[in-house]
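In what follows, a single structure is set out as structure tokens and then discussed.
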Amino acid sequence: MAKIGKICLICIAVSAMFLSCKKDCPAFLMKFSAEKQGKTVYFNNESLGPDSYYWDFGDGSHSYEENPTHRYSTFTFYRVTLRGTSGDCSETCSEIVTIKDDY
């Protein structure tokens with residue numbers, strides 16, 4: 001029984017150490033809008049907080065621009081994801097963008 005007691009104390013000490021290492025991340029507001037003209041989409045980043053951005057356009061393409069423009073090759077829908085980062089902290093938001101032939 002003495003062995004179990006020592007192991008539990010070690011587990012508690014290790015758990016306390018990891019809990020105290022929790023990173024302090026600011027709250028980010030992640031948001032974007034998109035203006036479509038045919039297969040071209042103009043993305044407007046409306047996020048607050050992050051220092052850098054990463055866009056995944058859902059078709060295998062990506063960008064690090066704050067407000068990118070992207071041209072899709074096919075009329076369909078895409079899940080667009082925007083990730084904002086500041087230091088070790090990051091937050092994401094995703095939206096479905098539908099590219100359709102309006103003619």
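The values are calculated or read from the model by the stated rules, or taken from the named source; none is laboratory data. Not measured: the values here are computed from a predicted model. Every residue, glycine among them, receives a Cβ derived from its backbone with ideal geometry; neighbour counts consider all protein chains shown.
See the values below:
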quantity: Test for E35: is it free of Cβ contacts under 8 Å to residues at least 24 places away in the same chain and acidic (D, E); calculated: yes
quantity: Of the criteria (1) on the phi < 0 side of the Ramachandran plot; (2) modelled with pLDDT of 95 or more; (3) not basic (K, R), which one S90 fails; calculated: (2)
quantity: Residue ID - surrounded by the most Cβ atoms within 10 Å (Cβ to Cβ), chosen from residues in the stretch 38-87 that are touching a residue at least 12 places away in the same chain (Cβ under 8 Å), among the small types (G, A, S) and in a strand (DSSP E or B); calculated: G84
quantity: Sole exception among (1) modelled with pLDDT under 95; (2) touching a strand residue (DSSP E or B) at 6+ places or on another chain (Cβ under 9 Å) for Y64, by number; calculated: (1)
